Amino acid sequence: MLWLAGAYLVYVTVSYYVARGRLGGDAHAYWLTGQSWYVPYEIAPNRNDAFLYSPVFAQVVHPLTLLPWPSFLTVWMAAETAAFVWLLRPLGWKWALPLVLWCAPEIVIGNVLGFLGVALVVSFTQPWLWSAMFLTKPVFGVGTLWFAARREWHRFAVAIGSTGLVVGVSALLDPEAWVEWIRFLAMNAGGSATALVVRTALAVAIVLLAARKGQRWPMPVALLVATPVFVGAPSLTILAAVPRLLSPPRERLDDAARPDDAVAARPMRAEVPGGEP
């Protein structure tokens, strides 16, 4: 039933977006940033080919935009599919493969949640990857409070500092683009400020509670709650990171394999009463 439902979802998703001429709609905006005639931040959100992310994103994907559009879309969709396969793999192939089909809406529009899910999982050991969240969906940055709540100040500093460093380098390369992006965000903030504050506060509460309990799996839930614009099935795919976050972290396994102290490392010696050991 999982396979059948997933296959039907793929069919409906592809048919819907093809009929509207929106196959790879989000990815098309990314590809356009590499075309000389396209000017980012001039198209309002929720319109075709609107580019919403920071100038860093456009600079990073620029080499890929040199490909023809069909090739760009093929590479993008294949890479995001691979990201979801990796995220869901701990469930076993029996469950992971059909569940990848349930990620079809996200893959077909060519958004970035598959990649951000991978970044979230790896960020617990490589905190500099939080810059990927800050510079695509800034509200996802609430997740860095995990480190602050657990007093992992070094990792918190790396997460914030690496983001600042990337922004600084990018701004030196194209300061005008940063001015335009900030202006674009200010002009299109929209929505209910109260709702945004409530969602952000709830997301922060989830992060702090998860950090206190030492649980990582609620983090995708927190990011989903914090999402300013919920677009249905594609937004839900950030939850694909849960299986990886439920798996035992590698550093914990490494710690368990090491002796806690020198005494544990010494061989045991039996004492013989009245004699030498």
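All of the numbers you see were taken from the coordinates with simple rules; none came from a lab. The structure displayed is predicted, hence computed values, not measured ones. Backbone-built Cβ (ideal geometry, glycine too); neighbour counts: all protein chains shown.
Would you list the membrane-span-like helices of the chain, meaning whole DSSP H runs whose alpha-carbon atoms span at least 27 Å along their axis and whose mean Kyte-Doolittle value is at least 0.5?
Working: long enough: 69-88 (28 Å, 1.23); 153-173 (30 Å, 1.37); 193-213 (30 Å, 1.66).
Span-like helices, by this rule, are 69-88, 153-173, 193-213.
Can you give the net charge of the other residues whose Cβ lies under 10 Å from the Cβ of Arg244, counting K and R as +1 and D and E as -1?
Local charge sum for Arg244: +2.
Using 1/(1 + (r/R0)^6) with R0 = 25 angstrom and r between the beta carbons of Met1 and Trp217, what's the FRET efficiency to the nearest 0.05?
Efficiency for this residue pair is about 0.50.
Only counting other Cβ atoms within 10 Å, I'd like Ile238, Ile107, Ile160 sorted with the fewest neighbours first. Don't jump to the answer; show the numbers that get you there.
Working: Ile238 24, Ile107 27, Ile160 19.
Ordered by Cβ neighbours within 10 Å, fewest first: Ile160, Ile238, Ile107.
Report the normalised scattering of region 86-212 as log10 I(q)/I(0) at q = 0.10, 0.11 Å⁻¹, calculated by the Debye formula with identical scatterers on the alpha carbons.
Those come out to -0.43, -0.52, one per q.
Under a point spin-label approximation (7 Å from Cα along Cα-to-Cβ), what is the Leu196-Phe230 distance to one decimal in nm?
Between Leu196 and Phe230, the label points sit 1.8 nm apart.
What is the sum of charges, Lys and Arg at +1 and Asp and Glu at -1, for the other residues whose Cβ falls under 13 Å from the Cβ of Leu209?
+4
Working out 0.36 nm times the residue gap between Tyr38 and Ala157, then minus their Cα-Cα distance, what length gain in nm do you get to one decimal?
Answer, rounded to one decimal: 39.2 nm.
Among (1) 1.08; (2) 0.99; (3) 1.21, find the value of Cα Rg over 2.2 N^0.38 Å that was calculated from the structure presented, and write down its label.
(3)
Note the full-extension length gain between Val60 and Met187 as 0.36 nm times their separation in residues minus their Cα-Cα distance, in nm to one decimal.
Length difference between fully extended and current span is 43.2 nm.
Can you compute the label reach from Tyr8? Point 7 Å from Cα along the Cβ direction, backbone N cut-off under 18 Å, restricted to region 85-114.
Within reach of a label on Tyr8, which here means backbone N under 18 Å from a point 7 Å along Cα→Cβ, region 85-114 contributes 98-105.
What distance in nm separates the two pseudo spin-label positions at Leu246 and Phe115, each 7 Å out from Cα along the beta-carbon direction?
Rounded to a tenth, the inter-label distance reads 2.8 nm.
Summing Lys, Arg as +1 and Asp, Glu as -1, what charge do residues with Cβ under 9 Å from the Cβ of His28 carry, His28 excluded?
With Lys, Arg at +1 and Asp, Glu at -1, the neighbours total -1.
Given the rule -39500 (n - 2.57) for each run of at least 4 DSSP H residues, summed and divided by the residues of the chain, what is its mean residue ellipticity at 222 nm, to the nearest 500 deg cm²/dmol? List each step's numbers first, then the result.
Numbers: 17 runs with 172 residues, N = 277.
The helix contribution divided over the chain gives -18500 deg cm²/dmol.
Counting other C-beta atoms within 10 Å, which of Tyr53, Tyr8 has the fewest, and how do the rest follow?
Numbers: Tyr53 20, Tyr8 12.
Taking fewest neighbouring Cβ atoms as first place, the list is Tyr8, Tyr53.
Only counting other Cβ atoms within 10 Å, I'd like Arg89, Arg155 sorted with the fewest neighbours first.
Sorted ascending by nearby Cβ count, the order is Arg89, Arg155.
Which whole-number percent is the relative contact order of the chain (Cα, under 8 Å, 6+ apart)?
Numbers: 320 pairs, mean separation 56.4, N = 277.
Across the chain, relative contact order equals 20 percent.
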